[in-house]
Amino acid sequence: MQERIAKYLSACGVASRREAERMIEEGRVAVNNEVLTTPAHLVGDNDLVTVDGMLAEKPKRTRVFVYYKPTGVIVSSKDEKGRKTLNKALPDGMPRVVPVGRLDINSEGLLLLTTNGDLAQWLMRPSGAGYERHYKVRVYGALEEWQLAKIRRGMTVDGVKYAGAKITHTGGKGRNVWYNVTLSEGKNREIRKLFGAFGIMVSRLLRTDYGPFSLGNLQPGMVSELKPFEVKQLMGLFEAATVQTKDV
């Protein structure tokens with residue numbers, strides 16, 4: 001049975017289908033030692049597929065990990081500026097994994113990783129799993145009540161519309177004011193842009209929870225793998241949602 005190369009790479013945990021297509025455009029993917037020029041290529045079980053010269057094989061089962069991303073790590077497979085990438089930061093022995101969304105280089109905390117690219121896409125989409133993201137945020141200065149109300153209602157910053165966020169002041173003053181923030185979408189640098197719209201700079205951003213998944217006792221750089229029965233439950237939700245979407 002043959003399938004499109006992007007779907008194959010996603011199943012291998014190399015990247016999401018969209019990112020796999022970009023890899024092909026960059027000339028990083030080869031099939032049977034021939035560099036691909038189109039994502040329309042079909043591959044079968046007997047084809048030799050490599051990415052950046054490394055063999056890409058489908059894992060025997062889906063695996064999911066909770067990773068405490070430290071600051072200073074960029075969530076990417078490569079970086080032209082020479083910064084530390086996720087692939088280099090992960091502990092030895094990790095399989096190929098796809099990150100569920102992103103945390104910027106200056107942010108830390110919970111990052112879900114999985115060997116299943118399609119599952120990763122579903123988990124990160126509000127229209128997919130619909131999981132909320134919870135953060136602890138330290139800022140310089142405090143927001144006024146009308147500013148908090150505006151964030152809760154939803155607002156537009158630099159032409160980008162952000163859905164309402166749950167936000168609560170939890171203590172501190174001056175240069176160490178803390179908030180708990182919960183997002184439903186998690187757009188690029190959303191929290192920093194929301195605070196920045198009021199002239200407030202974020203000095204620390206820590207994601208503690210992603211839906212039912214929590215950092216727990218993990219320390220920066222540590223990884224915890226979901227148990228097989230937890231992955232089975234998650235895959236059941238994913239597969240049920242996928243079937244429902246196809247039936248609509």
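If you take just the strands (runs of 3 or more DSSP E) that sit entirely in segment 43-156, which of them hold at least 1 residues that are at positive phi?
On the way: elements: 49-51, 64-69, 108-114, 133-140.
Correct list: 108-114.
Mind checking which residues of segment 225-248 are crowded, with 16+ Cβ neighbours inside 10 Å, touching a strand residue (DSSP E or B) at 6+ places or on another chain (Cβ under 7 Å) and outside any loop (DSSP other than H, G, I, E, B)?
Correct list: V231, L234.
This table checks each residue for (1) surrounded by 19 or more Cβ atoms within 10 Å (Cβ to Cβ); (2) modelled with pLDDT of 90 or more.
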position: A30; (1), (2): no, yes
position: E57; (1), (2): no, no
position: S76; (1), (2): no, no
position: L111; (1), (2): yes, yes
position: R133; (1), (2): yes, yes
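Looking at A89 and the list (1) in contact with a Gly (Cβ under 9 Å, 6 or more places away or on another chain); (2) within 21 Å of N188 (Cα to Cα), which single condition is not satisfied?
Of the numbered conditions (1) in contact with a Gly (Cβ under 9 Å, 6 or more places away or on another chain); (2) within 21 Å of N188 (Cα to Cα), the odd one out for A89 is (2).
So which residues in segment 32-55 are surrounded by 13 or more Cβ atoms within 10 Å (Cβ to Cβ) and within 22 Å of K78 (Cα to Cα), if there are any at all?
L36, P39, V49, T50, V51, D52, listed by residue number.
Can you tell me which residues in segment 1-15 are surrounded by 13 or more Cβ atoms within 10 Å (Cβ to Cβ) and outside any strand (DSSP E or B)?
Across segment 1-15, the qualifying residues are I5, A6, K7, Y8, L9, S10, A11, C12, G13, V14, A15.
Could you list, in sequence order, all residues of segment 78-100 that are buried (at least 18 other Cβ atoms within 10 Å of the Cβ) and either within 13 Å of the chain's Cα centre (by Cα) or farther than 24 Å from A11 by Cβ (or both)?
Residues of segment 78-100 buried (at least 18 other Cβ atoms within 10 Å of the Cβ): 86, 90, 96-100.
Correct list: L86, V97, V98, P99, V100.
Check segment 101-114 and report whether any residue there is over 26 Å from E190 (Cα atoms), within 21 Å of the chain's Cα centre (by Cα) and not assigned by TED's automatic domain parsing to the domain that holds E190. Show your work before the answer.
Going residue by residue through segment 101-114, those that are over 26 Å from E190 (Cα atoms) are none.
Checked segment 101-114: no residue is over 26 Å from E190 (Cα atoms), within 21 Å of the chain's Cα centre (by Cα) and not assigned by TED's automatic domain parsing to the domain that holds E190.
Being assigned to a loop (DSSP other than H, G, I, E, B) and either assigned by TED's automatic domain parsing to the domain that holds L123 or on the phi < 0 side of the Ramachandran plot (or both) is the filter here, so list the residues in segment 16-35 that pass it. Give the steps one after another, and end with the answer.
Within segment 16-35, the first condition is being assigned to a loop (DSSP other than H, G, I, E, B), and the residues that meet it are 16, 26-28, 32-33.
Selection gives S16, E26, R28.
Could you tell me whether any residue of segment 200-209 is small (G, A, S), in a loop (DSSP other than H, G, I, E, B), outside the structural domain of G109 (by TED's automatic domain parsing) and at pLDDT 95 or above?
Looking for residues that are small (G, A, S), in a loop (DSSP other than H, G, I, E, B), outside the structural domain of G109 (by TED's automatic domain parsing) and at pLDDT 95 or above, one finds none in segment 200-209, hence no.
Given the conditions (1) on the phi > 0 side of the Ramachandran plot; (2) exposed (fewer than 14 other Cβ atoms within 10 Å of the Cβ); (3) among the charged types (D, E, K, R), report the number of the one that K173 does not fulfil.
Among (1) on the phi > 0 side of the Ramachandran plot; (2) exposed (fewer than 14 other Cβ atoms within 10 Å of the Cβ); (3) among the charged types (D, E, K, R), K173 violates only (1).
Among the listed residues K173, K193, which satisfies the condition of being at pLDDT below 95, over 30 Å from T62 (Cα atoms) and over 16 Å from the mean Cα position of the chain (by Cα)?
That would be K173, the only listed residue that is at pLDDT below 95, over 30 Å from T62 (Cα atoms) and over 16 Å from the mean Cα position of the chain (by Cα).
For a quick check of your reading of the model, give me the residue pairs whose first member lies in segment 193-206 and is within 19 Å of G109 (Cα to Cα), whose second is buried (at least 19 other Cβ atoms within 10 Å of the Cβ) and of a type in the set (G, A, S), with beta-carbon atoms closer than 9 Å and at least 6 apart or on different chains.
V202/S107; R204/S107; L205/S107; L205/G109; L206/S107; L206/G109
Which one is nearest to L112 (Cα to Cα) among residues in segment 179-212 that are touching a helix residue (DSSP H, G or I) at 6+ places or on another chain (Cβ under 8 Å) and β-branched (V, I, T)?
Applying the filter and picking the extreme gives V181.
G221 - would you say it is surrounded by 13 or more Cβ atoms within 10 Å (Cβ to Cβ) and assigned to a loop (DSSP other than H, G, I, E, B)?
For G221, the condition - surrounded by 13 or more Cβ atoms within 10 Å (Cβ to Cβ) and assigned to a loop (DSSP other than H, G, I, E, B) - is met.
The values are calculated or read from the model by the stated rules, or taken from the named source; none is laboratory data. If you're wondering where the values come from, they're calculated on a predicted model, not measured in any experiment. When we count neighbours, we look across all protein chains shown, and the Cβ atoms used for this are built from the backbone with ideal geometry, even at glycine.
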